[in-house]
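Reading through the structure tokens given below for one structure.
The values are calculated or read from the model by the stated rules, or taken from the named source; none is laboratory data. Since the structure is predicted, the reported quantities are computational estimates derived from the model, not experimental observations. Every residue, glycine as well, gets a Cβ built from its backbone with ideal geometry; the counts of neighbours run over all protein chains shown.
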Amino acid sequence: MNQLSIFLIFVSMLFGCCQSNPQKPKTGDIIEIDILKTYPKIRAIKPDMVDMEFVPLETGKDVLVEYDKAYIHYVSEKYMIVIVYGRWEMFVFDRSGKIVTLISRKGRGPGEYTGMIDVVFDERNEELFVFDNIGTGRIVVYSLTGEYRRTLKYSADLELTQAYEFDEETMLVYDTKGLYKNNYSVKPYMFMSKKDGKITSTVNIHLPMRYSTKVYDQFTDSSGQLLTYSSSLAFPYRRQFGQDFVISDISADTIYRLTQNRDLIPLMVRKPSVHSTDPHLICTSEFITDKYIFLYITTLDYASIQKEKAPPATTLMYEFETGKITTVEHIHFGNDLKILQKNMDAHLLDVTVLKNAYENNKLKGELKQLVATLGDEDNPVVMIMKYK
């Protein structure tokens, strides 16, 4: 679906009512959901489920955010972070869209990074942790004003591809070392010290069988050199739920909630088991609110991945209070967006698309008034959705 279609569905909030013979779960029960079953469909979400806010990002000579290379990475009540691929620039804006800091330190010198595997913002201490490319074992730490502070080194036995602010002293990290060679850690979720980069403990999620989302292939170039390349299945997942986390690993049948007290609470079990399906049918938590959990279902189809084609996917919406399950069409959540506030989602909107929608009289209300003030070369607009 093109971006304009997604955007207009969000703005119009079209909704179709249907029911799926719900059975309200008993208090304390672990929810069980059959992801192979066919459920009634709705086109989008209810208009009364969400409040929307639109924040234009400041544009300036040194503050240029290329929409097609950028993604919204972090949102809180005070700050927003946008990262630009390739250039690996990190823009920190305040909540009104005014620029606070631009960190552009790609390089190989002291206080620089070669890439951004992930970024953790410790808002309490106003520090940004940039996880450098796989193989470097480096985390470069900056102040909120962009000043280099220190470099952390972590074990060469780890390949950290995801990281999150957990508490005042630690980060929650995820290890993929050996995953593509079936020589992996069976406890990949770990707590890392912000002080020295050492692993302090692991999350007690045991995964004796783990599946890779990558496919490797080889080809010979014109000079006769044998080269290796990889293709990967990209899928949405959302770990953060306020100060807690929802862990829905593709290699597990159980979705867990990890609290700030480090309690690990089973939240939901999918059936059939991921281990019993061929190709493997994977399930991740696409988004969660106090009332709903959205599940992204797709197949780990290596033939399609190798051809760089996304396998068909489905989004299921489960309502905690009633047990109702529906299939939601035309819905899109920000991938692994780090948000401190519960029930919130965010997206970048391209000004070119917005201007086109404005000229075709497809906007209304606050957004229509905002777009009328934007120039063609302005930075994207952040759309923030607060689910009720």
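Structural remarks
- Single unsatisfied condition, F91 versus (1) modelled with pLDDT of 95 or more; (2) in contact with a Gly (Cβ under 9 Å, 6 or more places away or on another chain): (2)
- The stretch 164-187 - residue that is touching a residue at least 12 places away in the same chain (Cβ under 8 Å), farther than 20 Å from M116 by Cα and touching a strand residue (DSSP E or B) at 6+ places or on another chain (Cβ under 6 Å) and, of those, surrounded by the fewest Cβ atoms within 10 Å (Cβ to Cβ): K187
- Number of residues in the stretch 275-293 that are under 19 Å from Y256 (Cα atoms) and either surrounded by fewer than 21 Cβ atoms within 10 Å (Cβ to Cβ) or not aromatic (F, W, Y) (or both) equals 13.
- In the set (1) exposed (fewer than 12 other Cβ atoms within 10 Å of the Cβ); (2) touching a strand residue (DSSP E or B) at 6+ places or on another chain (Cβ under 9 Å), the condition left unmet by I199 is number (1).
- The residue of the stretch 147-202 that is nearest to the chain's Cα centre (by Cα), among those that are of a type in the set (V, I, T) and modelled with pLDDT of 95 or more, is V173.
- Of all residues in the stretch 331-358, those satisfying the criterion of being over 18 Å from V246 (Cβ atoms) and within 18 Å of the chain's Cα centre (by Cα) are H332, H347, L348, L349.
- Scanning the stretch 300-327 for residues that are within 19 Å of D34 (Cβ to Cβ) and more than 21 Å from the chain's Cα centre (by Cα) gives E319, F320, T322, G323, K324, I325, T326.
- Candidates in the stretch 97-124 are the residues that are assigned to a loop (DSSP other than H, G, I, E, B) and in contact (Cβ under 8 Å) with a residue 40 or more places away in the chain; of these, the one that is farthest from the chain's Cα centre (by Cα) is G111.
- The stretch 45-81: number of residues that are touching a strand residue (DSSP E or B) at 6+ places or on another chain (Cβ under 8 Å), within 17 Å of F333 (Cβ to Cβ) and not in a strand (DSSP E or B): 2
- Of the listed requirements (1) part of a loop (DSSP other than H, G, I, E, B); (2) without any contact (Cβ under 8 Å) to a residue 24 or more places away in the chain; (3) farther than 27 Å from K386 by Cβ, N261 misses just one: (3).
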